[in-house]
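Working notes for the structure below.
The values are calculated or read from the model by the stated rules, or taken from the named source; none is laboratory data. In this text, all values refer to a predicted model and were calculated from it rather than measured experimentally. Cβ placement follows ideal geometry from the backbone for every residue including glycine, while neighbour counts extend to all protein chains displayed. Side chains included, ligands, DNA and RNA excluded: accessible areas come from the protein's heavy atoms. Shrake-Rupley method; radii C 1.70, N 1.55, O 1.52, S 1.80 Å.
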Amino acid sequence: APVLLTLSNGVKKLEVRQIYYLEVQNRMLHYYTDEGEFVVRGSLLSAESILPSDVFAKCNHWYLVNLMHVTEVHKNTAVVGPFELEISRRNRSAFLEALTKYMGGNS
């Protein structure tokens, strides 16, 4: 199902596969997508409730990553599309587990 973002100037429809990752900053969610960055008010929790949990995983406190776009994982970095994101020690094992599960189910 597509994701509808309520932006200041209207509504934006995104397909899940278009989203690379989300970042939360000061109660604002930044959606990084293949069409650029979109900012909406909200929390990662609210985003997690509408995004498919088998496709998105937190690599740290601020980032929710679309596992479809993860091409590499280094010691504490995930390569997500054109981005390199830090993986926190706290989220590392859950993130790798989610990625492994995702790869296994979608290979």
For this session: Calculate one ³J(HN,Hα) per residue across region 10-15 by plugging θ = phi - 60° into the Karplus curve 6.51 cos²θ - 1.76 cosθ + 1.60, and present them in order as whole Hz with x for glycine and proline.
Result: x, 10, 10, 9, 10, 7
Exercise. Measuring from label point to label point, each 7 Å out along Cα→Cβ, what is the Val11 to Thr71 span in nm?
Worked result: 3.4
Problem set entry | Accessible surface, per residue, of the chain when the full set of protein chains is kept, probe 1.4 Å, Å² | 62
Exercise. Hey, rough spin-label estimate for Ile50 and Ala1, points 7 angstrom out along Cα→Cβ, what's it come to in nanometres?
Worked result: 1.1
Seminar exercise, completed: With only helices counted (DSSP H, runs n ≥ 4, each -39500 (n - 2.57)), the per-residue ellipticity at 222 nm for the chain, to the nearest 500, works out to -7000 deg cm²/dmol
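At a 1.4 Å probe radius, carbon and sulfur cover how many percent of the accessible area of the chain? Mind dumping the intermediate values first?
Values: 3240 of 6620 Å².
Reported share for carbon and sulfur atoms: 49 percent.
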For this session: Express the relative contact order of the chain as a whole percentage, based on alpha carbon pairs under 8 Å and six or more residues apart in sequence.
Result: 19
Problem set entry | Inter-centroid distance (Cα atoms) of region 27-74 relative to region 1-21, Å | 11
Exercise. Cα axis of helix 89-105 to longest principal axis of the chain: angle in degrees, 0 to 90, nearest 10?
Worked result: 90
Problem set entry | In order through region 28-35: 3J(HN,Hα) via Karplus (6.51 cos²θ - 1.76 cosθ + 1.60), integer Hz, x for Gly, Pro | 10, 9, 9, 8, 9, 10, 6, 10
Exercise. Of the labelled options [x] 38, 33, 22; [y] 40, 30, 24; [z] 35, 34, 26, which one gives Cα extents along the principal axes in Å as computed for this structure?
Worked result: [y]
Problem set entry | Sequence-distant lysines (8 or more away, or on other chains) whose Cα lies within less than 18 Å of Lys58 | Lys75, Lys101
